[in-house]
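A.B. asks: Please find one structure pasted underneath; my questions will follow.
None of the figures in this text is laboratory data; all of them are computed from the coordinates on show. Everything quoted here is computed from the prediction, not taken from an experiment. Cβ: placed from backbone, ideal geometry, glycine included. Neighbour counts: every protein chain shown.
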């Protein structure tokens, strides 16, 4: 067959690359890719090949008899669609998004009808729907997408998520997820070591996001002090109160509302101008609460606040918690990644004195969503607080060590496998690889900070160097430049970010977040967590804001 | 180039299949697949090709400069590993699992070391790790895997999950997940219609599993009657109690422990022999609780109990809830799928009178994990109960209709996209396709039931025909046959299922669950949700139990 000739040709050139010469290896691979492309193009040139699924239906796929070839063809087409999307995602010439309003999507766009029908549609349509879903979505890994704390798309993480989907199992028992359970345990142990609890037996769990991880910490702390709550509820407790800074994440309010503690029992501790909790205010508020007859039990300090990226003074907070006998939690959902950097981990000094830590690898470490861990210093509390020993699931007479069944540690029953992609990325990068990635994001933040200081059409929200990758700033359009900085100025400035953001989204060139904070009018919040973003993207962002904002009439 | 000749050859045969002749289409496709295989084998024959990643690292992949070809090659290798796994999964000649104990995995198996290191490992190792992860896992889509309510692997669902991973976004705002948000809304609406609330505006949310969906229902019901709880906590409430049957899922205890209600305030309502809630006992218990000064607020009825697959009498329960003014929830996590079957949906008659419904498409509908929805009849409660209006995320001055932002409806912040795979499957199958799939699983249960009745080495736990796909039974080994059915018999019978299950897992031939229930010793619980399972697999299971159990000395 003719293909053999092509193969032989490559086989000959193959001899060149013995000795693992890198660039020759690349040449060889290019040749093979060329070969593959030609085959593919040949097949597509037929107008048929893998790409004609207009007469093939889901019911033709595995496990249908003889479904194997259709299935491989269909999944390969999906693969091609996804890879083409990935390529565009990292291509600066492509738009970050192609914005449409809800009513437009609901009415249906050309060939993309979202309504569900009674009868099946051919796989050709399904493939088209996949293309359209991506087309009208947002490229969260685009180098100019800066909108959330989670961004980027790690290729090994993606592979991990694809495998997780194919394995399609559940974390509740070792029985059906043996490898994943062991991996989760090793990750929890590794994270324990990084927090600084290395000598203790690791305990913790992966949960569906940082807000639920924070909820776990409040739940477990409450149980530690008042185990009766499990049986009798909050009615059997005194009025308990918890403390967190005014800059902390809203998850503590959410948790307190859900857990029956009540939002008014979440006491907001003041922050300094930089967004860090003021320890003396914490101490005073604890004392005041006690004087009022309430019972303080829990303090959450933040490692990397959502807006300012501030790190609370953990050692001082730990001293106060120790003095009053309170549970100390550190919400390091955003800042936890810095534990992997020798240069930046000192910002978390004192975290080892916490009783629990939330850490979201899906943020700074770039793991695909969802991947959040909550870690506990004391082993066994999770299990004691949540176990109900349902015997349809956790049979004590299994043939293996059932202490590996994790289901009774959680407030869930079924639980998605979130650990594998992180495990695979850790293997592929090593701790060192995460460090490089994180340090490089931090350098981007520093670069932006210096840029902003050097330009007079931008103004920093606070003057200090960034501690995390958050950089907060205003754009001051020419029309506001000469005005006195009074109430009217504030009102006008408040509108600037929203207007510029709306135009950014319409044009799809870049995405960045904005918000007000207390008395401060809307400002932009830049964050870096995407390894794809370069300094040139930062330059682009500032120029783009200026382009969209310079003619703004407010 | 020689490849053109091959392509032309196919091009000629292509003319045969104009007119969309199905079998000729298959022939054509086979040819192309052959061609592809030859290319691949040619490349592999070189000892290099795509499969040599021993000198390539994660840092060489996108977004690295020139990373595109490495990335495509790496992801294609992953694809091949996954497709090979999928093929084996549906192959009855392959084992369901290759069992190892936790300590064996921890010590490391040949070439598979789970420990994490500081330095990166080459992608060749990462690919090997992917292979090993699957090798030592459990094939949850194997036709002879009957271990959990979630089983099978839908190819379109898998494609949906792969796309979701590539899109890597978050459900909290329309801004970054426009298409997925609209799809979720349409699915919630569709499920509303199927529940029978069609005329009302749909409300609900996808949550990370049925237990959290059930928790949502308790949370929202509590808020509906006592909105003050959000601010002041449970301290401001009377002693509230909820009701659920003794056969219901343990999630109501979990929820009550977490929400600060307390497990002792979950009142277990008696069931009949078939596992259905006894309405008169519910009514009596509500009255007794009131007499004790407690405040009933919530009843959960079950559509498809976990072990027996029983459906509670919803109409009678609804009447009682109405009489006492209580919130009625239906936990249809398992049984919800039957709403799609004209033949079986009458089992859920009365569900339209519920205030909330939990329904897990990742169970009976075969959607990949995780996919669970909680539905509410009254629109707006979810938002009112959970909203905190964090302005870093939910800016009111966005350019689109911000009522589409779903983040403030949830107890999470970030939320994984669970809706897309279900949407894609619904498009691909149509409602009708789900119906066929579900009816066929129900037929399997009926077949097993009849088989068991006809054999005298098996005994049914209850004599009635299955209402769902659950079939519960004992295997009676020859050594127990003649014995009097006393306490000792019970003790011995209790050990049978555990022993057989352990051997099944060691041999990896089949997997089925077992458990005791109240005074009943361990029995097997069969469930069907995998469309891959055929009647021959049921025959195999019974023969296998007999093979493993007939010599059993207890």
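A.B. asks: Tell me the distances, shortest first, between residue A:264 and the same position across the other copies, using label points 7 Å along Cα→Cβ, in nm to one decimal.
C.D. replies: Nearest to farthest, the other copies are at 2.7 nm.
A.B. asks: One quarter of the convex hull surface, Cα atoms only: what value does that give for the protein assembly as shown in nm²?
C.D. replies: Orientation-averaged projected area of the Cα hull: 44.5 nm².
A.B. asks: Follow-up. Rounded, prolate or oblate for the stretch A:221-345? Axes are the square roots of the Cα gyration tensor eigenvalues, ordered a ≥ b ≥ c, and the cut-off for rounded is a/c under 1.5.
C.D. replies: prolate
A.B. asks: May I pose another question? Alpha carbon centre of the stretch A:341-408 versus the stretch A:104-172: separation in Å?
C.D. replies: 29 Å
A.B. asks: Using only the Cα atoms of chain A, build the gyration tensor, take square roots of its eigenvalues as a ≥ b ≥ c, and label the shape rounded, prolate or oblate: rounded if a/c is under 1.5, else prolate if a/b is larger than b/c, else oblate.
C.D. replies: oblate
A.B. asks: What's the angle, to the nearest 10 degrees (0 to 90), between helix A:535-549's Cα axis and the longest principal axis of chain A?
C.D. replies: It is inclined by approximately 80 degrees.
A.B. asks: Moving to a separate point now. If you project the alpha carbons of the stretch A:463-554 onto their three principal axes, what span does each projection cover, largest first, in Å?
C.D. replies: Result for the stretch A:463-554: principal-axis Cα extents of 40, 30, 19 Å.
A.B. asks: While we're looking at this one, here's another question. Where does the stretch B:73-149 land on the Kirkwood hydrodynamic radius, alpha-carbon pairs, in angstrom? Write down the numbers at each step before the final one.
C.D. replies: Details: mean 1/r = 0.0716 Å⁻¹.
Hydrodynamic radius (Kirkwood, Cα only) of the stretch B:73-149 equals 14.0 Å.
A.B. asks: While we're on this one: Quick check: pseudo-label points 7 Å beyond the Cα along Cα→Cβ at residue B:454 and residue B:391, how many nm apart are they?
C.D. replies: Placing both labels 7 Å beyond Cα along the Cβ direction yields 7.2 nm.
A.B. asks: Let's test the formula: R0 of 45 Å, r as the Cβ-Cβ distance of residue B:113 and residue B:502. What FRET efficiency results, to the nearest 0.05?
C.D. replies: Between residue B:113 and residue B:502 the formula returns 0.95.
A.B. asks: Still on this structure, please answer the following. Which of B:458, A:57 has the fewest other C-beta atoms within 10 Å, and how do the rest follow up to the most? Could the numbers behind the result be given before it?
C.D. replies: Details: B:458 18, A:57 21.
Neighbour counts put them in this order, fewest first: B:458, A:57.
A.B. asks: Now, a different point. Sort B:525-536, A:242-253 by the packing proxy (mean of other Cβ within 10 Å over each peptide's residues), most packed first.
C.D. replies: Going from most to least packed, we get A:242-253, B:525-536.
A.B. asks: Compute the label zone of residue B:287 within the stretch B:316-332: residues whose backbone N is under 19 Å from the point 7 Å along Cα-to-Cβ.
C.D. replies: Of the residues in the stretch B:316-332, B:316-326 have backbone N under 19 Å from the label point off residue B:287.
A.B. asks: Still on this model: Averaging over every viewing direction, what projected area does the convex hull of the Cα atoms of the stretch A:417-523 cover, in nm²?
C.D. replies: 9.8 nm²
A.B. asks: Taking the number of other C-beta atoms within 10 Å as the exposure measure, put B:171, B:191 in order starting with the fewest.
C.D. replies: B:191, B:171
A.B. asks: Now for a different question. Would you mind classifying the stretch B:247-317 by shape? Square roots of the alpha carbon gyration tensor eigenvalues, ordered a ≥ b ≥ c; an a/c under 1.5 is rounded, otherwise it is prolate if a/b is larger than b/c and oblate if not.
C.D. replies: oblate
A.B. asks: Treating the angle as unsigned and between 0 and 90°, give the value, to the nearest 10°, between the Cα long axis of helix B:2-14 and the longest Cα principal axis of chain B.
C.D. replies: It works out to around 60 degrees.
A.B. asks: Moving on. Within 10 Å of each Cβ in peptide B:368-377, how many partner chain Cβ atoms are there on average? Round it to a whole number, please. Before the final figure, lay out each step's value.
C.D. replies: Values: counts 6, 11, 8, 1, 2, 0, 0, 0, 0, 0.
Average neighbour count from other chains, rounded to a whole number: 3.
A.B. asks: Across the residues of B:73-80, average count of Cβ atoms on other protein chains within 10 Å?
C.D. replies: Numbers: counts 4, 4, 9, 5, 1, 9, 10, 1.
Partner Cβ neighbours, averaged per residue: 5.
A.B. asks: Right, next: Going by Cα centres, the stretch B:430-454 and the stretch B:509-523 are how many Å apart?
C.D. replies: 21 Å
A.B. asks: In peptide B:251-258, how many Cβ atoms from other protein chains are near each Cβ within 10 Å, on average? Please report the intermediate quantities before stating the final value.
C.D. replies: Details: counts 5, 0, 3, 9, 2, 4, 12, 14.
Across B:251-258, the average partner-chain Cβ count within 10 Å equals 6.
A.B. asks: Quick check: pseudo-label points 7 Å beyond the Cα along Cα→Cβ at residue A:539 and residue B:84, how many nm apart are they?
C.D. replies: Result for the modelled spin labels: 4.6 nm.
A.B. asks: Follow-up. Using a 10 Å cut-off on Cβ atoms, rank the peptides A:392-405, B:402-415 from the highest mean neighbour count down.
C.D. replies: B:402-415, A:392-405
A.B. asks: Could you list A:226, A:146 so that the one with the fewest beta carbons within 10 Å of its beta carbon is first and the one with the most is last?
C.D. replies: Fewest-to-most ranking of A:226, A:146: A:226, A:146.
A.B. asks: Per DSSP H run of n ≥ 4, the term is -39500 (n - 2.57); total these for chain B, divide by its residue number, and report the mean residue ellipticity at 222 nm rounded to 500 deg cm²/dmol. Could the numbers behind the result be given before it?
C.D. replies: Working: 17 runs with 243 residues, N = 554.
Mean residue ellipticity at 222 nm (helix-derived): -14000 deg cm²/dmol.
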